[in-house]
Ligand SMILES: Nc1ncnc2c1ncn2[C@@H]1O[C@H](COP(=O)(O)OP(=O)(O)O)[C@@H](O)[C@H]1O
Ligand SMILES: [Mg+2]
């Protein structure tokens, strides 16, 4: 049990007072979904890890969650126990085949309430094939429309690029969540990412906004982890979320086990961190 005194003295990793994020209220019914694109054109920053574990944490809180794997590497699919490499029906089918429905391509994960639309290398062809389509930027948005009523949150795990697939994710989304590795050069490229988000908002999707920046792979023992977060705070203020994800080998371990950390190591600090991220987003109104 925490007393009010504990609350007052609790601070986040950049020294701001850490609010209490209450457990989300149970939902009486589901949908319409809020769509969040997890975006950063840098690879290896924790997009896929955040998609999987935030999705699993929201599902634990009773939310119906759909993860859209939107990276031809298929890491989100694999991490959720779906081997996409021998599947015929993937997000590629949904994008490119006329009449294809979400129901044709969606799969359950091992986590109750968490479904996934898998991706594999076929998706890399879509990037090229979409160029010739009418309204090529909004193909994913249209394809997901029918699923919005069934889910509370849809998370899109983007590939590390700002190409046409990512623009499709941004056009479909209400919000963008930017995972940022607490590492030197982490901020390099973020300005370009934000510029891309602003262009998509101006030209294609006026509802789009940046939900926040989440620090990942944070090591409180290193000075530069702290310095990186301090610089993000300076540059982006309250867009830097209070929740910061620590660096731990439990994340790669849980990927190998093809499970979210919330079920692979449910009491580990990494699992608690993603549950806190889920509660913080709900408290900010960024997730149902
Ligand atoms: N907080 C963390 N601590 C330690 N390793 C992490 C953490 N988050 C992600 N990783 C590992 O770093 C690698 C890249 O993460 P990933 O989520 O795949 O990044 P991205 O999708 O941005 O390329 C993976 O091997 C993953 O297991
Ligand atoms: Mg990834």
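Values in this text are rule-based calculations from the coordinates and carry no lab data. Keep in mind that what you see is a predicted model, and the values were worked out from it rather than measured. All Cβ positions, even for glycine, are placed from backbone atoms using ideal geometry, and neighbour counts span all protein chains on display.
Helix 47-60 axis versus longest C-alpha principal axis of the chain: approximately 80°, rounded to the nearest ten. Taking the stretch 164-207 and a reference point 7 angstrom along Cα→Cβ of residue 128, the backbone N atoms nearer than 18 Å belong to 164-166. By the Stokes-Einstein formula, at 1.002 mPa s and 20 °C, the stretch 29-284 with its Kirkwood radius over alpha-carbon pairs has D equal to 119 µm²/s. Entry for the stretch 1-134 at q = 0.23 Å⁻¹: log10 I(q)/I(0) = -1.41, Debye formula applied to identical alpha-carbon scatterers, no solvent contribution.
Axis angle, to the nearest 10 degrees, between helix 190-203 and the longest C-alpha principal axis of the chain: 50 degrees.
Is any residue of the stretch 47-82 close enough, with backbone N under 16 Å, to a label point placed 7 angstrom from the Cα of residue 107 along the Cα-Cβ axis, and if so, which? Of the residues in the stretch 47-82, 52, 66-82 have backbone N under 16 Å from the label point off residue 107. Estimated from helices alone, the mean residue ellipticity of the chain at 222 nm is -11000 deg cm²/dmol (sum of -39500 (n - 2.57) over DSSP H runs with n ≥ 4, per residue).
The distance between label points at residue 224 and residue 272 comes to 2.8 nm (points 7 Å beyond Cα on the Cα→Cβ vector). Looking at the stretch 32-110, what % of the alpha carbon pairs are farther apart than 19 Å? I get 40 percent for the Cα pairs in the stretch 32-110 exceeding 19 Å. Can you figure out the FRET efficiency of residue 191 with residue 97, using R₀ = 35 Å and their beta-carbon distance, to the nearest 0.05? Taking R0 as 35 Å, the efficiency between residue 191 and residue 97 is 0.40. Rounded to 0.05, the FRET efficiency of the residue 203 and residue 89 pair, given R0 = 45 Å and the Cβ-Cβ distance, is 0.90.
Between 0 and 90 degrees, the angle of helix 269-284 with respect to the longest Cα principal axis of the chain falls at about 80 degrees.
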